[in-house]
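First comes the structure, then the notes that go with it.
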Amino acid sequence: MKKLIFIILISFNIYSQRSETFDPIDIFDLEYVSNPQISPDGNLVLYQRNSKDIMTDKNYSSIWIIDFDGSNNRPITTGNKKDSSPIWSNTGDKFIFKSDRDGKTQIYLYDLKNNSTQKLTNLQSSIGSIKWSPDDKFILFTSFVPEEKKKLVKMPKKPKGAKWNDPPVEISDVNYKYDSSGFRKPGVNQIFILPVEGGTPRQVSNLNKNGAQAQWISNNSIVFSANLHEDSELNPNNSEIYLLDISSGKHTALTDRIGPDFSPIVSNDKTKIAYLGYDDEYLGYQQNSIYIMNIDGTNKVKLPTDLDRNISNINWSGDDKEIFFQYDDKGMTKLAYTSLKGKILDVIDEIGGLSYGRPYNGGTYSLSKNDKYSFTFGNVYNPADLATGSKGSKRRLTNLNDDLFKYKKLGKVEEIWYKSSVGGEMIQGWIIKPPNFDESKKYPLILEIHGGPFSNYGFRFSAELQLFASKGYIVLYTNPRGSTSYGKRFANLIHHNYPNEDYDDLMSGIDYMSSKEYVDENNLFVTGGSGGGVLTAWIVGKTDRFKAAVVAKPVINWYSFVLYADNIGYFYKYWFKDLPWNDVENYMKRSPISYVKNVSTPTMILTGEKDFRTPMAESEQFYAGLKLNKVETMLVRIPNANHGISSRPSNLIAKVNSILAWFEKYKD
């Protein structure tokens, strides 16, 4: 009896000590839905269920299936592996998917009638998007084909058994490195087809540049998008749509303007191609429009919509009379459709939840032959769940984090609007109040700034910002000028003018919040990543209003950045008027390093060691400048992390805990 009482007391003690606040370790318990795929008849939905493993610090995913009405939810695959990208056959009785269950990612076939899984490939290279042929007999996919490059540098033959260093790496490409994948390997993404019954994949393209977004037209032809121009590396925004004849392997360009044409989608009757694109005006921000052409590339028409928003993820309706798409509007991602005459009708909102770290846009949908849809449902209180609907209806089918948030209190999120001190622009933002918020008390405030800069925050869940709130901070996040989802004019207010007046938009937000009785004006903090890191570094060079700052993965010196970021042909052309040596004054005027002498705010700089987008040397420049000026500072290097620092769960925790530790150090 004494032993039983002892066990009960221990159990009660453990349960009573369970934290009711959302803590960093809870990141490992978050789950979310991605890749929702509704069946052709609209009766079933396949989806990818994503989770994290605390022991391996890895992200895993499995494939589940559920009825359209939310009943009969069950797993198809399980275990600590990455099963992803399910795609229904046209008959709806089987699907293909990708999995790393045998080490490298391969394509698998699942037969619903027999509940059987068949491995279809045994490739050594990465696999891109996968598609069924119209008759379900073949699968189309892209895969990297390595090439041998002739070496200029010759090394003598080493003695048998000798252990020499690796040979020199010769680089002659303009774009020779990519964030997340590292240094570019010689080779090209080619297009393959594979018999579903088994066999060897057949390469059907012979491209000298990467092909992408391949779609079947018939069993004999494929449409795809690529930038195959000779100067593609120096003019990256000039992709075309091509028709590939499978028998001959020859490809023919269907578009030819200056500007990108991409995302080709073939109509159900195989007579037309819808696609996205725009005429390149060399602006920092440019919006996609929907175009339609005949299957042979003739009779190109731009749909005359009056929507001043960027369009993505287009799909034909079942009867080919409308085109469905998604777009962002004032921090909300929506599903809509347009008639072929350009008349738009909104269908649903709250598409999102895929960017669970910070509240960026990120969500997707799929469409059945009878125009039912499935989508990732997300709002400020949950990462992506699964939802379905038709004709404007919306039904949430899952609540993956209900077990966690039943006892973990999240901060309340409120939308705000305020007027900027420059130009009177109206700025949208949101605040998160700490759990158990008491309006009679005063709270420290964190201004968290989004990156991009051409992106947007919105009505979406953010683990990072909720963790800040759980530690007793008011969190302010806004969409200053330059943000997307407010139209072309608002975004391009920072064209060749970033950073500058977006700073004033942010400071006006601080003024607005400082007028609230519950905000402690003596405990203001600021942080942001990437473009938000640029603005944070800019802010501390302009004002000493903040107690402390954390600059994450920033650009500090635009002159150096455009020469060694991972897209050399892009940034100088679209974000500046000229090459840096022809416009030194403008580059340095917009560089935070030019104002380092003004900084007095204690400033941490935090960057991933494998970041090729805003390389570590940017952070090191700022760190050195602060040290030389005797400003309190610290450089935090996240090992094995690229620009997407939070790609591993523990990295997200390390980032959040670093920021909070720095702010707590200087908070009164």
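The values are calculated or read from the model by the stated rules, or taken from the named source; none is laboratory data. Predicted model only: the values in this text are computed from it and were never measured. Methodologically, a virtual Cβ is constructed for each residue, glycine included, from the backbone with ideal geometry; neighbour enumeration extends over all protein chains shown. Heavy atoms of the whole protein, side chains included, go into the accessibility calculation; ligands, DNA and RNA do not. Shrake-Rupley method; radii C 1.70, N 1.55, O 1.52, S 1.80 Å.
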Output for segment 370-388, where each listed residue is out of contact with any strand residue (DSSP E or B) (no Cβ under 6 Å at 6 or more places or on another chain) and either in a strand (DSSP E or B) or at positive phi (or both) = Asp371, Asn379, Asn382
Can you work out which of the residues in segment 222-260 that are exposed (fewer than 15 other Cβ atoms within 10 Å of the Cβ) and outside any loop (DSSP other than H, G, I, E, B) is nearest to the chain's Cα centre (by Cα)?
-> Ala253
Only residues in segment 649-668 that are over 19 Å from Arg545 (Cα atoms) count as the first member; pair them with residues that are of a type in the set (A, V, I, L, M, F, W, C) and open to solvent by 30 Å² or more (accessible area, probe 1.4 Å), Cβ under 9 angstrom, at least 6 apart or cross-chain, and list the lot.
-> Pro649/Ile54; Ser650/Ile54; Ile653/Ile25; Ser658/Met634
Among the residues of segment 469-505, which ones are over 22 Å from the mean Cα position of the chain (by Cα), of a type outside the set (Val, Ile, Thr) and within 21 Å of Leu660 (Cα to Cα)?
-> Ala469, Ser470, Lys471, Gly472, Tyr473
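Taking the condition in a helix (DSSP H, G or I) and in contact with a strand residue (DSSP E or B) (Cβ under 7 Å, 6 or more places away or on another chain), does Ala537 pass? So that I can check it myself, show each step before the final result.
Working: in a helix (DSSP H, G or I): yes; in contact with a strand residue (DSSP E or B) (Cβ under 7 Å, 6 or more places away or on another chain): yes.
It is true that Ala537 is in a helix (DSSP H, G or I) and in contact with a strand residue (DSSP E or B) (Cβ under 7 Å, 6 or more places away or on another chain).
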Looking at segment 77-89, is at least one residue touching a Leu at 6+ places or on another chain (Cβ under 8 Å) and under 17 Å from Leu44 (Cβ atoms)?
-> yes
Residues satisfying the stated conditions in segment 644-668, i.e. modelled with pLDDT under 95 and assigned to a loop (DSSP other than H, G, I, E, B) = Gly644, Arg648, Asp668
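Confirm whether Gly357 is at pLDDT below 95 and within 24 Å of Leu307 (Cβ to Cβ).
Values: at pLDDT below 95: yes; within 24 Å of Leu307 (Cβ to Cβ): no.
So Gly357 does not fit the description; no.
Every residue in segment 199-221 that is out of contact with any Pro (no Cβ under 7 Å at 6 or more places or on another chain), open to solvent by 30 Å² or more (accessible area, probe 1.4 Å) and either at pLDDT 90 or above or not basic (Lys, Arg) (or both), please. Spell out the reasoning first.
Start the filter on segment 199-221 by keeping residues that are out of contact with any Pro (no Cβ under 7 Å at 6 or more places or on another chain), which leaves 199-212, 214, 217, 220-221.
Those still in the list that are open to solvent by 30 Å² or more (accessible area, probe 1.4 Å) too: 199-203, 206, 208-210, 212, 220.
Of everything in segment 199-221, those that are out of contact with any Pro (no Cβ under 7 Å at 6 or more places or on another chain), open to solvent by 30 Å² or more (accessible area, probe 1.4 Å) and either at pLDDT 90 or above or not basic (Lys, Arg) (or both) turn out to be Gly199, Thr200, Pro201, Arg202, Gln203, Asn206, Asn208, Asn210, Ala212, Asn220.
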Identify the residue in segment 182-198 that is more than 16 Å from Gln124 (Cα to Cα) and under 26 Å from the mean Cα position of the chain (by Cα) and, among all such residues, is most open to solvent (accessible area, probe 1.4 Å).
-> Phe183
Restrict the check to segment 391-399 and report whether at least one residue is touching an Asp or Glu at 6+ places or on another chain (Cβ under 8 Å) and assigned to a strand (DSSP E or B).
-> yes
Could you tell me whether Ser530 is open to solvent by 10 Å² or more (accessible area, probe 1.4 Å), closer than 30 Å to Phe183 by Cβ and not aromatic (Phe, Trp, Tyr)?
-> yes
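Listed here are the residues, each with its yes/no results for (1) closer than 30 Å to Ser317 by Cα; (2) open to solvent by less than 10 Å² (accessible area, probe 1.4 Å).
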{"position": "Ile432", "(1), (2)": "no, yes"}
{"position": "Leu465", "(1), (2)": "no, yes"}
{"position": "Thr484", "(1), (2)": "yes, no"}
{"position": "Glu501", "(1), (2)": "no, no"}
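From the list Asp83, Asp102, which one is more than 15 Å from Gly198 (Cα to Cα) and open to solvent by 60 Å² or more (accessible area, probe 1.4 Å)?
Numbers: Asp83 fails: open to solvent by 60 Å² or more (accessible area, probe 1.4 Å).
Result of the check over Asp83, Asp102: Asp102.
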Within segment 631-643, restricting attention to residues that are outside any strand (DSSP E or B) and of a type in the set (S, T, N, Q), which residue is surrounded by the fewest Cβ atoms within 10 Å (Cβ to Cβ)?
-> Asn640
Scan segment 403-411 and give yes if some residue there is within 27 Å of the chain's Cα centre (by Cα), at pLDDT 95 or above and under 30 Å from Leu283 (Cα atoms), otherwise no.
-> no
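Only one of these is of a type in the set (A, V, I, L, M, F, W, C), surrounded by 14 or more Cβ atoms within 10 Å (Cβ to Cβ), touching a Lys or Arg at 6+ places or on another chain (Cβ under 8 Å) and at pLDDT below 95: Leu140, Leu109, Leu123. Name it. Before the answer, list the steps.
Working: Leu140 fails: at pLDDT below 95; Leu109 fails: at pLDDT below 95.
It is Leu123.
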